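The structure appears right after this line, and notes come after that.
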Amino acid sequence: MSSYHLDHLQYLETEAIHVMREVAAEFERPALMFSGGKDSICLLRLAEKAFRPSDIPMPFLNVDTGHHFPELNEFRDSRAAELGGKLIIRKVEDAIKAGIAVPTPGEVSRNRLQIPTLLAAIDEFQFDCAIGGARRDEEKARAKERFFSFRDSFGQWDPKNQRPEIWNLYNARVNPGEHMRVFPLSNWTEMDVWEYIRRENLQVPTIYFSHRRQCIRLGGRGQWLPVSEFLVPRPNDEVKELVVRVRTIGDIISTGMVESPANTVDDIINEIAAARVTERGSRADDKASEAAMEDRKKQGYF
Amino acid sequence: MSHPIEILRFNTCGSVDDGKSTLIGRLLYDSKSLMEDQLEALERSADITGGGQINLANLTDGLRAEREQGITIDVAYRYFATPRRKFIVADTPGHVQYTRNMVTGASTANLSIVLVDARQGVIEQSRRHTYIASLLRIPHLVIAVNKMDLVGWSEARFTEIRDAFEQFLPLLDIKDVKFIPLSALNGDNVVDPSKETPWYVGPSLLGHLETVHIASDWNLHGFRLPVQWVNRPNNPRDPRLHDFRGLSGQIAGGTVRVGQPVMVLPAGHRSTVKEIWTHSGSLEEAFCPQSITLVLADDIDVSRGDMIVGLDSLPGASTELHARLCWMHPKPLQKGKKYFLKHTTQTVQAVVTAIENRINIHTFEAEPNPSELAMNDIGEIRIKTAKPLIFDGYSHNRLTGACILIEQGTNATVAACMLQPPVEPIRPEYNDFAI
């Protein structure tokens, strides 16, 4: 006798596939945001499940801040090629040159500058929908997102005026110039993502696993950051070679390295099960203020 | 390594200050689902705004405006897990103007928790929330009588509140109701059974959430596959795929097997299931709510919005619909105005031809012929659609019996509709004749 029963990953999977197919059917020019990070790796597998044996009916889009981990970009390029997908990359560097993104004096982080770069790419290709890998469990502002998150012609999210989302009936209608952000992984947790990676036997960039790396603690305090061309040690910084991995990948200048011996997906799952801080605890960009994410999202951030 | 873990989705509802956010905070805190940085953030905000007192509600009230006003303005989703189950929580606000958020949060729930302040007892909001849970056919209901510490853990008070509910529960369509006395603030009967309630023999709230039977919550009677996307490879590298024509969708009811005869509606063409295709390999059988791609034995014209159904239990087909509706927009429902109607995978034009009644939330009685339905009103309407819908009664199938209305121009989602059962099932012989 078969059991008519889905476990939690199968339930999350069927929900996400349904969302992806709604996007393919309802939008004329959708794109799928693919960074090479663990969440978007799951998105690509879900896209395969939603659309094979056909080609995935949308290009992959990535905003390159210029501060990416090289391992991430390599993985991004090879995975996109393996799937036969078209990968569109738009660089913050170019957006700055074109005057689309304007850094404030002394602003080192490219985090905020991703927003105008992304919006310009959406405009350039006339995308009416962008699928992203954001999850509600990541952050308090994200906990209030819909699966289909409407953005006005300025790309803005208005949390007080969201469309009610009832049953699995997603209202995908947008007027010209407006677009939708769609989050198939809304209901996934960090643990679900890794369990899915394990079940589906998915490859991930090597920096998720334990490796030796020169790390730096600015002014001898705070979290360990990777030494790179953007973070060159100065006299009062603390520098150490450590055995580390990343838990969440942001820019190389703001991604905290976690000391960890985790070498396999199983190790990572065990580590998360015992973790005492959240994933975003290692992202300096989210610690700027209580409402850092909310403010960025309102402007057009994912 | 581990046994399969199910997901239980629930929502919490109650009026302002009934302690919804505190209850969720308590569930997360006591089930050890909170992390150190979240606790640190709580402590930081306690120092700033709470006079040093940790406020568990700050865990769920995520937006700046909410923290400033101390209220919840939208549905917030939370996740936690125990070794037995994973939980998706929709924290839905209780203010009267935000009923639409409760409908949003509750529409996908297996279970609703209605919070009642033990001091206040049953108030209008309690009746409204219970009614909405019934309207949406949420399979399981928990009445959480909160702040029991403030009434001295009085069994008499608890019984009084339960009796007040039981006076109107028989008027509603709720099969499974559980009453639990608790204190979210102190954690009594939330995760661990309380010493304060020796007179209460039932489980703690979490104990109930971990064990309530949800495997039968999906509809497994009457196969329904709304076609979402037609899967035709453009330039397949594999020559076997040259003629591949798959019909992709999420099963909205029942089960399907290879070899099973099916009918494609509204056209009425019959065929049999040749293959149940998935990326992970073909299946012999699939069931609701799996996402699959069906290959039929015959090459017939099928497109998005069609529904593939089993022959044993046929749905209705009509352009004239009778529905219960919750209006969700500041602009009232207008009779005679055109809206878009989205039902399963199809969107059609629709006109509301009659507003038959509005439900009085105090008495649950239908008040006939209201001039309009305003935000948060619930009533019965008649709709005429430009194309026939293939549908079931919402009471029979929550997925094929539900639709939403969308305002043309603004594209705002303005209503959630629950369809009444069809007057008669579609008659296939008529359709054979029509072909």
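Before moving on, here are some points about what is shown:
- Residues of segment A:264-281 classified as within 11 Å of chain B (Cβ to nearest Cβ) and touching a helix residue (DSSP H, G or I) at 6+ places or on another chain (Cβ under 8 Å), total: 10
- Residues that are part of a loop (DSSP other than H, G, I, E, B) and within 10 Å of chain B (Cβ to nearest Cβ) were ranked within segment A:174-204; the one that is surrounded by the fewest Cβ atoms within 10 Å (Cβ to Cβ) is A:Asn175.
- Pairs where the first residue, in segment A:215-238, is among the charged types (D, E, K, R) and the second is assigned to a loop (DSSP other than H, G, I, E, B), C-beta under 9 Å, 6+ apart: A:Arg217/A:Gln223; A:Arg217/A:Trp224; A:Arg217/A:Asp237; A:Glu229/A:Ile252; A:Glu238/A:Arg221; A:Glu238/A:Trp224
- Checked against the criterion of being out of contact with any Asp or Glu (no Cβ under 8 Å at 6 or more places or on another chain) and either within 25 Å of A:Tyr11 (Cβ to Cβ) or part of a helix (DSSP H, G or I) (or both), the candidates A:Ala101, A:Ala95 yield just one match: A:Ala95.
- Residue satisfying all of: in segment B:88-116; at pLDDT 70 or above and surrounded by fewer than 22 Cβ atoms within 10 Å (Cβ to Cβ); farthest from the chain's Cα centre (by Cα) among these: B:Asn110
- Among residues of segment B:5-31, those that are modelled with pLDDT under 75 and within 14 Å of another protein chain (Cβ to nearest Cβ), counted: 0
- Enumeration of residues in segment B:120-164 that are of a type in the set (S, T, N, Q) and not in a strand (DSSP E or B): B:Gln120, B:Gln125, B:Ser126, B:Thr130, B:Ser134, B:Ser154, B:Thr159
- A:Asn62 vs. criteria modelled with pLDDT of 95 or more, assigned to a helix (DSSP H, G or I), closer than 30 Å to B:His279 by Cβ and of a type in the set (S, T, N, Q): no
- Residues satisfying the stated conditions in segment A:40-85, i.e. surrounded by fewer than 23 Cβ atoms within 10 Å (Cβ to Cβ) and either of a type in the set (Phe, Trp, Tyr) or not assigned by TED's automatic domain parsing to the domain that holds A:Thr117 (or both): A:Phe69, A:Phe75
- Among residues of segment A:146-173 that are within 11 Å of chain B (Cβ to nearest Cβ), those with a Cβ under 6 angstrom from a residue that is in a loop (DSSP other than H, G, I, E, B) and polar (S, T, N, Q), sequence gap 6+ or separate chain, pair up as A:Arg146/A:Gln162; A:Phe147/A:Ser186; A:Arg163/A:Asn171; A:Arg173/B:Asn411.
- Candidates A:Ser40, A:Ser35, filtered to the one that is farther than 24 Å from B:Glu275 by Cα, part of a loop (DSSP other than H, G, I, E, B), under 16 Å from the mean Cα position of the chain (by Cα) and touching a residue at least 40 places away in the same chain (Cβ under 8 Å): A:Ser35
- Test result for A:Gln223, farther than 30 Å from B:Gly409 by Cα and in a loop (DSSP other than H, G, I, E, B): yes
- All of B:Met375, B:Met418 fail the test of being farther than 25 Å from B:Pro139 by Cβ, touching a helix residue (DSSP H, G or I) at 6+ places or on another chain (Cβ under 8 Å), of a type in the set (A, V, I, L, M, F, W, C) and buried (at least 17 other Cβ atoms within 10 Å of the Cβ), apart from B:Met375.
- Among the candidates B:Asp312, B:Asp301, the residue that is surrounded by fewer than 21 Cβ atoms within 10 Å (Cβ to Cβ), away from every other protein chain (no Cβ under 13 Å) and more than 19 Å from B:Leu399 (Cα to Cα) is uniquely B:Asp301.
- Taken across segment B:268-275, residues that are away from chain A (no Cβ under 11 Å), among the small types (Gly, Ala, Ser) and either in contact with a His (Cβ under 9 Å, 6 or more places away or on another chain) or buried (at least 17 other Cβ atoms within 10 Å of the Cβ) (or both) do occur, with at least one present.
- Subset of segment A:227-260 that is touching a helix residue (DSSP H, G or I) at 6+ places or on another chain (Cβ under 7 Å) and surrounded by fewer than 19 Cβ atoms within 10 Å (Cβ to Cβ) - its residue that is farthest from A:Val277 (Cα to Cα): A:Asn236
- Test: residue in segment B:353-366 that is hydroxyl-bearing (Ser, Thr, Tyr) and in a strand (DSSP E or B): yes
- Positions within segment A:205-226 being hydrophobic (A, V, I, L, M, F, W, C), under 24 Å from the mean Cα position of the chain (by Cα) and crowded, with 19+ Cβ neighbours inside 10 Å, in sequence order: A:Ile207, A:Cys215, A:Trp224, A:Leu225
- Test: residue in segment A:270-279 that is within 30 Å of B:Pro83 (Cα to Cα), part of a loop (DSSP other than H, G, I, E, B), modelled with pLDDT under 85 and of a type outside the set (A, V, I, L, M): yes
Table: residues versus (1) of a type outside the set (Lys, Arg); (2) more than 14 Å from chain B (Cβ to nearest Cβ).
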site	(1), (2)
A:Ala16	yes, no
A:Leu32	yes, yes
A:Cys42	yes, no
A:Ala50	yes, no
A:Pro53	yes, no
A:Phe60	yes, yes
A:Gly84	yes, no
A:Arg90	no, yes
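- Count of segment B:188-206 residues which are surrounded by 14 or more Cβ atoms within 10 Å (Cβ to Cβ), assigned to a loop (DSSP other than H, G, I, E, B) and on the phi < 0 side of the Ramachandran plot: 10
- Matching entry among B:Leu185, B:Leu225, B:Leu220 (being touching a residue at least 40 places away in the same chain (Cβ under 8 Å) and away from chain A (no Cβ under 14 Å)): B:Leu185
- Selection within segment B:241-252 - more than 9 Å from chain A (Cβ to nearest Cβ) and at pLDDT below 90: B:His242, B:Asp243
The values are calculated or read from the model by the stated rules, or taken from the named source; none is laboratory data. Remember, predicted model here, so these are calculated numbers, not experimental data. A quick note on method: Cβ atoms are made from the backbone with ideal geometry, for glycine too, and the neighbour counts reach across all protein chains shown.
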